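Accompanying notes for the structure given below.
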Amino acid sequence: MQRFYFVILVAIVTLYGSPHAFATHPEGYFPDTAAPAQAPVYMPVSHIALLLPLHSPSFGAAAETVKKGFEAAAKREAAIPLTIRIYATSDDPLDVLITYHQALDAGAVLVVGPLTRDGVTALASSHVVEVPTLALNSADTDILMPPNLYLFGLQTESEAAQIAEMALSTGKRHAIIIKDAGGLSVRLQNAFADRWLSDYGNTAEAIEYEQNQAFFSQLRRHTAGEENLVFLALDADKVRRIRAYLNPATPVYATSRIFVTNQDPLFNHDLNGIQFMDMPWLLQPDHPAVMAYRGPDKTQKKDTERLYALGIDAFRLMSYMLQVRSPYEIAFDGVTGQIHFVAPAHFVRVPVAARIDNGKVRLLK
């Protein structure tokens with residue numbers, strides 16, 4: 001693992017005296033002029049490659065938001081002696097692999113991306129990760145990560161495991177997990193249950209969400225009990241429908257999926273008492289890094305803000321990767337959470353714990 005960080009360090013040392021050492025601003029980024037109509041022709045040179053699905057109809061808007069956050073950090077953080085080149089892809093995994101190879105052929109010594117789960121899965125399965133690569137999502141399957149591939153992102157599954165850790169402190173022994181048939185909901189259920197059941201004596205059961213009054217009517221009785229707590233592996237709308245039917249004395253947990261607005265107190269009143277976790281970017285306006293980046297516009301959708309924050313921390317994490325010999329040396333207080341390395345390949349972010357009371361979010365210790 002250290003060998004690949006050494007490759008980067010050698011490139012940096014070489015570039016300090018090289019005419020090919022550029023400012024931190026990404027090539028093709030012009031703050032005062034319109035973007036060129038045609039993609040620039042790149043000369044082979046050691047550089048950082050930012051690989052995003054900017055040409056994808058489904059993920060293009062998300063990729064653009066991540067890019068803006070990355071660029072904001074590039075302009076504010078300490079300059080690095082490598083240029084940043086932006087490589088736009090579609091969401092086709094084959095296109096991602098081809099573009100990844102193009103970046104390597106052009107001299108990339110570190111790659112940030114891909115952004116999509118399919119793209120990361122394809123790259124992880126290809127066994128062609130030749131330089132340190134910071135993927136911004138997780139892989140679909142539990143495949144063995146190539147030595148140079150590191151994972152970082154906004155995976156809600158990690159939150160579910162961390163929420164289980166928080167729930168363990170209550171001393172309750174039985175978890176009632178309410179999920180739907182969606183793939184993400186199933187992954188959240190599994191992540192929570194894996195951590196919850198790792199403590200000896202704990203039990204859990206899963207209940208399938210149903211949109212009918214008979215299902216709702218049974219919930220208060222079913223969730224009652226001194227040993228029970230509830231984990232809602234659901235989106236905000238479903239959590240809002242179900243909250244009033246849960247036993248009021250039973251602790252309730254959910255992921256950041258429930259925090260979609262702070263502009264609608266009535267919406268949040270329906271979520272009263274629920275504990276969840278989310279990033280400092282949204283919950284800690286007085287956080288030093290958040291204060292450094294936060295602009296006056298606070299009306300964007302929460303998912304958009306999270307992606308922008310991901311771009312900021314992706315740049316900061318990439319900068320640390322350029323400076324150290326081992327990923328174990330990296331730990332910092334990011335706008336997406338406390339970030340540190342967990343073997344074999346994950347940069348984990350620990351979000352902030354909070355609870356909704358009287359329609360407002362209150363931080364928890």
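The values are calculated or read from the model by the stated rules, or taken from the named source; none is laboratory data. Being a predicted model, the structure only gives us computed values, none of them experimental. Cβ sites come from the backbone with ideal geometry, for glycine too, and all protein chains shown count toward neighbours. The area values use the complete protein model at the heavy-atom level, side chains included, leaving out ligands, DNA and RNA. Shrake-Rupley method; radii C 1.70, N 1.55, O 1.52, S 1.80 Å.
Rounded to the nearest 10 Å², what accessible area does HIS55 have for a 1.4 Å probe in the complete protein model? Around 130 Å² of this residue is reachable by solvent. Straight-distance candidates among the aspartates and glutamates for linking to LYS67, with alpha-carbon spacing under 13 Å and chain neighbours fewer than 8 residues away dropped: GLU27, GLU305, ASP313.
If the label point is 7 Å along Cα→Cβ of GLU227, which residues in the stretch 141-176 have backbone nitrogen under 19 Å from it? The answer is 167-176, whose backbone nitrogens lie closer than 19 Å to the label point. Rounded if a/c is under 1.5, else prolate if a/b beats b/c, else oblate: with a ≥ b ≥ c from the C-alpha gyration tensor eigenvalues square-rooted, which is the stretch 145-302? Taking the square roots of the gyration eigenvalues as a ≥ b ≥ c, the stretch 145-302 is oblate.
Shown here for the stretch 49-120: chymotrypsin sites (Phe, Trp or Tyr not before Pro) in loop regions (DSSP other than H, G, I, E, B) with at most 14 other Cβ atoms within 10 Å, of which there are none. Helical runs assigned H by DSSP (4 residues or longer) give the chain a calculated mean residue ellipticity at 222 nm of -11500 deg cm²/dmol, each run adding -39500 (n - 2.57) before division by the residue total. When Rg and Dmax of the Cα atoms in Å is calculated for this entry, the matching label among [x] 20.1, 61; [y] 21.9, 72; [z] 22.3, 76 is [y].
The residues neighbouring ASP91, those whose beta-carbon lies less than 13 Å from its own, together hold a net charge of -2 under the Lys/Arg +1, Asp/Glu -1 convention. The simple Förster model, with R0 at 51 Å and r as the Cβ-Cβ distance, assigns LEU266 and HIS101 a FRET efficiency of 0.50. For the pair HIS340 and SER217 in one chain, pulling the backbone fully straight at 0.36 nm per residue adds 39.9 nm over the alpha carbon distance. Available extension along the chain between TYR245 and MET291 is 12.7 nm, counting 0.36 nm per residue and deducting the alpha carbon span. The slack between GLU64 and LEU364, meaning 0.36 nm per residue of separation minus the straight C-alpha distance, is 104.7 nm.
Of LEU266, LEU219, LEU97, the residue with the largest accessible area leads and the full order is LEU266, LEU97, LEU219 (1.4 Å probe). A crude spin-label estimate for the pair GLU130 and ASP194, with each label 7 Å from Cα along the Cβ direction, gives 3.2 nm. Count Lys and Arg as plus one, Asp and Glu as minus one, and take only other residues whose Cβ is under 11 Å from that of GLY119; the net charge is then -4.
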